[in-house]
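Report on the following structure.
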Amino acid sequence: MPDACRLILALDVETKEEALALARPLAGNLVWVKLGLQLFTRHGPSIVDEFHALGFKVFLDLKLHDIPNTVASAIKSLKGRPCSLLTLHACGGPEMLSRAVEAARESIPDCQLLAVTVLTSMDQAQLTAVGITRTPEEQVCVLGRLAIQSGVHGLVCSPLELPMLRKELGTQPVLVTPGIRYPDAKGDDQNRVMTPAQAAASGASFIVVGRPILKATDPSAQTLKIRREIGEVK
Ligand code: C5P
């Protein structure tokens, strides 16, 4: 793989105050945080500046999906915001993807775009219901290829899809994976999981971890443990 794998902490909480309280003690020990739609719609785009000011790189998980002009305009509205990763849906199609790439190059040139292929909430029955007869894996490959060919930098994928996507797309694309758990974890909604070390060895560029850090007795120690396991720090 080109670079060591890196850890992104998913700040899946209701308010900025809660997110800041969780992230502040980790500053210096953690580089990347993920801010999602919930915090973005509650507090607005300036939330990106606030986390950047604390020293974090920001992954803005907005999963944009609309007509090409609207997606490009939304990206242009992020002009000057210090976000380093931004998500959009690959199923928006080639025109939407390439217009997004163009808009990002112009307005947020230091930000890499990541495409979501098939949401893990979509199983075969859900796909069939929206008229897609391919298997989820086939659909991930079709949309993954399309996104990369359209100039998108990388993909968000399940850890179990990493070997298939590396084989299909090579070492260049950024592959970001949630669904990270230790074998002893129990009682939440992640089913198809890998440990941090397994995901790194399978080709992840970044792993996104939320609850295993947020609910740990010592989130700082857990952060460092994971970063060591994936080779981000010694
Ligand atoms: O708490 P946990 O480690 O499961 O958090 C994983 C993060 O990755 C959450 O922000 C979740 O929304 C996100 N995610 C996911 N599965 C996907 C896509 C995103 O768990 N397929």
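Within the set of pairs 6 or more residues apart or between chains, which connect a residue that is more than 17 Å from HIS65 (Cα to Cα) and of a type in the set (Asp, Glu) inside region 102-123 to a residue that is away from the ligand (no atom under 16 Å from the Cβ) and in a loop (DSSP other than H, G, I, E, B) with Cβ atoms less than 9 Å apart?
These pairs meet every condition: GLU106/LYS79; ASP110/PRO82.
Just to verify a result, which residue in region 208-224, among those that are in contact with a strand residue (DSSP E or B) (Cβ under 6 Å, 6 or more places away or on another chain) and near the ligand (Cβ under 6 Å from one of its atoms), is nearest to LEU114 (Cα to Cα)?
It comes out as VAL208.
Going by the conditions given, is ARG192 buried (at least 16 other Cβ atoms within 10 Å of the Cβ) and either hydroxyl-bearing (Ser, Thr, Tyr) or over 19 Å from HIS89 (Cα atoms) (or both)? Lay out the reasoning, then the answer.
Details: buried (at least 16 other Cβ atoms within 10 Å of the Cβ): no; either hydroxyl-bearing (Ser, Thr, Tyr) or over 19 Å from HIS89 (Cα atoms) (or both): yes.
No: the conditions fail for ARG192.
Of the numbered conditions (1) part of a loop (DSSP other than H, G, I, E, B); (2) among the small types (Gly, Ala, Ser); (3) within 16 Å of the ligand (Cβ to nearest atom); (4) within 26 Å of CYS111 (Cα to Cα), GLY203 satisfies every one except a single condition; which is it?
(3)
Condition check: without any contact (Cβ under 8 Å) to a residue 40 or more places away in the chain and either under 19 Å from the mean Cα position of the chain (by Cα) or outside any helix (DSSP H, G or I) (or both). Does ARG192 satisfy that? Walk me through how you get there before you give the answer.
Values: without any contact (Cβ under 8 Å) to a residue 40 or more places away in the chain: no; either under 19 Å from the mean Cα position of the chain (by Cα) or outside any helix (DSSP H, G or I) (or both): yes.
Here the answer is no, as ARG192 does not meet what is asked.
Within the group ALA19, ALA72, ALA23, which residue is more than 29 Å from PRO212 (Cβ to Cβ), free of Cβ contacts under 8 Å to residues at least 40 places away in the same chain and surrounded by 15 or more Cβ atoms within 10 Å (Cβ to Cβ)? Lay out the reasoning, then the answer.
Details: ALA19 fails: more than 29 Å from PRO212 (Cβ to Cβ); ALA23 fails: more than 29 Å from PRO212 (Cβ to Cβ).
Only one candidate passes the filter, namely ALA72.
FYI, it's all coordinate maths here, none of it is from the lab. All values reported here derive from a predicted model rather than from experimental measurement. Backbone-built Cβ (ideal geometry, glycine too); neighbour counts: all protein chains shown.
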